[in-house]
Amino acid sequence: MISKELEVLNRAGIHARPASEIAKTASTFSSEIFFEKENMRINAKSIMGVITLGATYKTKLLCTCSGCDEKEAMDALSSLFERRFEQ
């Protein structure tokens with residue numbers, strides 16, 4: 001299991017399109033992937049779960065990946081956050 005703090009860098013925060021990109025990316029991996037914010041823990045493979053985080057600009061989320069491809073999953077999600085959810 002690995003964990004890393006990721007910061008929302010796009011000014012609009014995580015709305016429907018970024019949530020979709022996050023869930024789509026997370027779903028390509030077999031590892032369990034979760035985001036935590038305050039007392040909330042959600043499955044990163046769920047678009048609705050990601051949206052319910054209410055993550056705005058500069059919000060920090062703890063990402064935890066656990067499984068056989070956890071490093072690749074973390075690298076992909078970290079890159080997605082760094083690119084502000086752009087392809």
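The values are calculated or read from the model by the stated rules, or taken from the named source; none is laboratory data. Nothing here was measured: the structure is a model prediction, and the numbers come from that model. Using ideal geometry, Cβ is built from the backbone for each residue, glycine included, and neighbour counts are taken over all protein chains shown. Just so you know, the surface numbers come from the protein's heavy atoms only, side chains and all, with ligands and any DNA or RNA stripped out. Shrake-Rupley method; radii C 1.70, N 1.55, O 1.52, S 1.80 Å.
For Lys24, the solvent-accessible surface with a 1.4 Å probe is about 110 Å², rounded to the nearest 10. About its Cα centre, what dipole magnitude does the chain give when the only charges are +1 on Lys and Arg Cβ and -1 on Asp and Glu Cβ, stated in debye to the nearest 20? It comes to approximately 340 debye.
Per residue, the chain exposes 55 Å² of accessible surface when a 1.4 Å probe is rolled over the protein heavy atoms with every protein chain present. First select every other residue whose beta carbon is under 13 angstrom from the beta carbon of Val50; then total the charges, Lys and Arg +1, Asp and Glu -1. Around Val50, the charge tally is +3. Out of every Cα-Cα pair that region 10-87 contains, those further apart than 17 angstrom amount to 36 percent.
Sequence-ordered 3J(HN,Hα) estimates for region 32-48 from the Karplus curve with 6.51, -1.76 and 1.60 and θ = phi - 60° stand at 7, 10, 10, 10, 10, 9, 6, 9, 9, 10, 10, 7, 5, 8, 9, 4, 5 Hz, glycine and proline given as x. Amide H to amide H, with H built 1.01 Å from N, Ala55 comes under 5 Å of Ile14, counting only residues 5 or more places away or on other chains.
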